Amino acid sequence: MNDFLAFVIQYWALWLATALLVVLILYFEIREHAHGINQLSAQEVVRWMNHERAVVVDVREAHVFAEGHIVGSINLPFKQMATELTSLEKYKEKPLILICQAGIQALKAAKLLRRHGFKQVVALKGGLGAWRVASLPLKKGK
């Protein structure tokens, strides 16, 4: 035990850095789950699209959407979502997957939809960037 204590004292900076990393990892994990919105990997999104018949809603602006989007996705920019929720009413009972560039706006949009009674709402973790990293196909144009 004395050797361990001497080791900790001798390398206190290393132990402090380790403790800091553990705290940061826990913080980000807790913050991610605090949103209450599940986030799916790109592979899980493909499975939901194929097996659950999920509807993909891209919340990026129309001009960005036209540069490349997931095949079959619906474009409803986040800025317009609050005023145009009626366009999604027909999908209220279906699983919805929200997509944005990095995943942040999709989480905000998912929370908005949950408040309006949409039950099965998830977001693509890492956004379209994660989709590209997974080398999954995109469609250009509308």
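DSSP beta bridges fully contained in the chain are about 10 percent antiparallel.
Of the trypsin sites (Lys or Arg not before Pro) found in segment 53-117, the ones in coil according to DSSP and having at most 10 other Cβ atoms within 10 Å of their Cβ are Arg53. Using the alpha-carbon positions of segment 58-142, Rg (one decimal) and Dmax (whole number) come out as 12.2, 34 Å.
Arranged from fewest to most other beta-carbon atoms within 10 Å of their beta carbon, Ile70, Ile37 become Ile37, Ile70. By how many degrees, between 0 and 90 and to the nearest 10, does the Cα long axis of helix 42-51 differ from the longest principal axis of the chain? It works out to around 40 degrees.
Among Val22, Val46, Val121, the largest mean-square fluctuation in a Gaussian network model of the chain (Cα springs under 10 Å) belongs to Val22. If you count Lys pairs in the chain whose Cα atoms are under 17 Å apart, skipping same-chain pairs closer than 8 places in sequence, the total is 11. In terms of surrounding Cβ atoms within a 10 Å radius of their Cβ, Leu107, Leu128, Leu14 rank from fewest to most as Leu14, Leu107, Leu128. The fewest-to-most ranking of Glu93, Glu44 by surrounding Cβ atoms within 10 Å reads Glu93, Glu44.
Just so you know, all these numbers are worked out from the coordinates, no wet-lab data involved. Given the structure is predicted, the values throughout are model-derived calculations rather than measurements. For neighbour counting, all protein chains shown are included, and Cβ atoms are generated from backbone atoms with ideal geometry for every residue, glycine included.
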